[in-house]
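This is the structure, below, for whatever I ask next.
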Amino acid sequence: MGSWLQAYPPTRKLPRLWVERFWLIDSKEPLTIVRKVDLQPGMNIVWAKEPESNDASGLASAGHGVGKTSLCLLLRYCLGDDAPSIAALREKAAASFPRGGVAAKIHIDGIAWLVFRPYEANSHSTAGVDCELEALFSEGATRGGFPLFLAALSESFITRLPASSLPGSSQALEWKHLLAWCVRDQKTRFDGFFHWRDGDGLGFRRSRQDPPLFVRAVLGLLDAEGDRLIREVESSQTELKRIEEQLLLLEREQAYGLTYVEARLRTWLRAGPDVPIFTSILGPSLEVMVADLKSKAEAYEAEVDRESERLEDAIAPLIVNLGELRQELTLRTKEKEIAQALLDANQAEYTRLLTELQELNSLVGLCRLGQVEFSDCHHISTRRSTYNLPQLINQRAAKANEPQRRLELQEANRLESECRKELETQESLVNKKRVEVRRLQVRKGTSEAQRNSLEELWDDLKSRVLARENGAASQSLEQSRTQRDLQALDLNKKRAALLKRDHERSERATTLHRLTQTVAARLLGESGQGRFIPDSDDRLFELKLGGEAYQVLEVLLGDITCLIDSATTEASHYPGFLVHDCPREADMSERLYREFLSTVADAAIELSVIQGSVPFQYIVTTTSPPPEALKTDSHLALVLQPGSDEGLLFRRRLGPGMLSF
């Protein structure tokens, strides 16, 4: 057919990501392998071969249920996918192979990883670099581990993207997003380029907007500057939407605010809807009623002020009298204290003299100073004889003064008590007067607050009516409109900058468009049938022909174009690895299907001439026979056949309801 890809020389020898070998394992110790599948860069066909004889019937005559889809699910499992459909398959496999699992030798940017993932849910996955299967099971814990394998996938294919998150949602990009594109789910029936999973989900927050943005980033149509501009445009759009919503509320408030304020004022004044707002010769108006209430309130407040002044005048002499009573009470208290002190002193002197005499008379024993008995001590005898008469005289005088002192103390207590009662009565009277003054002040404050509220409500109504008549908007509304206009201008500037950037990046889009036309011409046998639409959020790749079969072919065309593009340019971040599960069953004609497979095989040959190896890997499962030219060992990776356990993927049936079609 000629060198139809001669304008697209390969830029690498091998794919950035490809699977070299695939094992189904019964047990690790001893190592028992159920099946080994060798894969290679280029075309890899997994054919579920149906019997050519008409003698077979039932399950033995159909290429379904032999393990094609299970193979695709296990490839996804080895590459880090843990979707529900994979978990269901693992559960069935674990029932037949409780100590088994799946292993694969996977190349990531030239580094060979060996990965093992168990069927059992509670077992651990492991991975190592440049090791054999037996060594992985014995030394897997020291050779990197499965988390490092996942980190290597993310580092090679996600970290190098122009942005680490999606514009708009700011969702972090993950390897699972790219894996969903690289291994399409058969249940989607290839009905849309951005429809990669059915049931398991893609993990995108925005199922419609996010996949196209992600694909553009992977294909090199979106660089860091373009990503920044997209984010700025979306941020500006969000802000403009917020301002417009605020403006709408303000406009509604402008329209309904007058009615609301007028209704409040009429309710306050108990005025019906027929009462005019402003002064009219026809009768009362809201303006007059407000003025009347204001005048009455001011008159009431003036009366309250006068009453307060009268009470304050009445309180003044009472307060003066209160001060005099407090002084008198202080004096009476001092007199009582003096009388008490005199009584206390008289009693103390009498007690002292009596005690001293008793002590002298009670002395017995030896005098320490004279070293003689107290009865023979001259000093003690003299004190006893000389003290007796004065002591008796003083004791009698003190005893005689006590009744007088007590009478004086009682009189002082009576005078103090009378003064205190009179003071308390006077204080109570003053407090009552002060309470009346405070009550009047509260009434005045309440009246002033209501009058101010009425004035504010009237001023608000008056300004709204005048604004309506003059066609003027409120200050906040004017500010919001100005803000909206400025934000719209800013958004247009950012959109213009993004459009300019898109035009500058048009060379990359042109390259993809030309490659799409080239692949479509090879596929359909005539030029001008395919095109690439970089701005489309639905059909990134399009064929002029219609019909469901051609709709499926558009998806296949897009995938193969991206696969070839990844092998022929450094601008693409696509890993060069693609798996299709039974695309023929999605209502695609047999002729178109054969041409499609032949196109991929030709592309592998075209791109392998210069470097001697194929820079992409394509794995496809099929029940339809491939073209005769592809029924060779170099293209057939695995042939499965119904009718016997040996022809099944697991060499046995896992049970009814197995997820293999």
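The values are calculated or read from the model by the stated rules, or taken from the named source; none is laboratory data. Here the structure is a predicted model, which is why all the values come from computation and not from measurement. Neighbour counts run over all protein chains shown; Cβ positions are idealised from the backbone, glycine included.
For the range 72-95, name all the residues that are touching a Gly at 6+ places or on another chain (Cβ under 8 Å) and within 18 Å of R653 (Cα to Cα).
Correct list: S85, K92, A93, A94, A95.
If a residue counts only when it is within 29 Å of the chain's Cα centre (by Cα) and crowded, with 19+ Cβ neighbours inside 10 Å, which helices (runs of 4 or more DSSP H) contained entirely in the range 74-160 have at least 2 such residues?
By residue number, 146-157.
Right, next: Check the range 192-210 and report whether any residue there is crowded, with 18+ Cβ neighbours inside 10 Å and in contact with a strand residue (DSSP E or B) (Cβ under 8 Å, 6 or more places away or on another chain).
yes
Is it fair to say S285 is surrounded by 17 or more Cβ atoms within 10 Å (Cβ to Cβ), at pLDDT 85 or above and more than 60 Å from the chain's Cα centre (by Cα)? It would help to see each step written out before you state the result.
Details: surrounded by 17 or more Cβ atoms within 10 Å (Cβ to Cβ): yes; at pLDDT 85 or above: yes; more than 60 Å from the chain's Cα centre (by Cα): no.
So S285 fails the test.
Restricting to the range 173-188, count the residues that are charged (D, E, K, R) and buried (at least 20 other Cβ atoms within 10 Å of the Cβ). Lay out the reasoning, then the answer.
Taking the range 173-188 first, the residues charged (D, E, K, R) are 174, 176, 184-185, 187.
Next cut, buried (at least 20 other Cβ atoms within 10 Å of the Cβ) only: 176, 184-185.
The qualifying residues number 3.
So that you can scan it fast, the table gives a plain yes or no per residue for (1) crowded, with 17+ Cβ neighbours inside 10 Å; (2) among the hydrophobic types (A, V, I, L, M, F, W, C):
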residue: A567; (1), (2): yes, yes
residue: G576; (1), (2): yes, no
residue: R591; (1), (2): no, no
residue: T599; (1), (2): yes, no
residue: P615; (1), (2): yes, no
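Which one of L222, L229 is crowded, with 17+ Cβ neighbours inside 10 Å and in a helix (DSSP H, G or I)?
L229
Quick test for you: out of L240, L322, L258, L331, pick the one residue that is touching a residue at least 24 places away in the same chain (Cβ under 8 Å), assigned to a helix (DSSP H, G or I) and more than 30 Å from Q487 (Cα to Cα). Steps first, please.
Values: L240 fails: more than 30 Å from Q487 (Cα to Cα); L258 fails: more than 30 Å from Q487 (Cα to Cα); L331 fails: touching a residue at least 24 places away in the same chain (Cβ under 8 Å).
Just a single option satisfies the conditions, and that option is L322.
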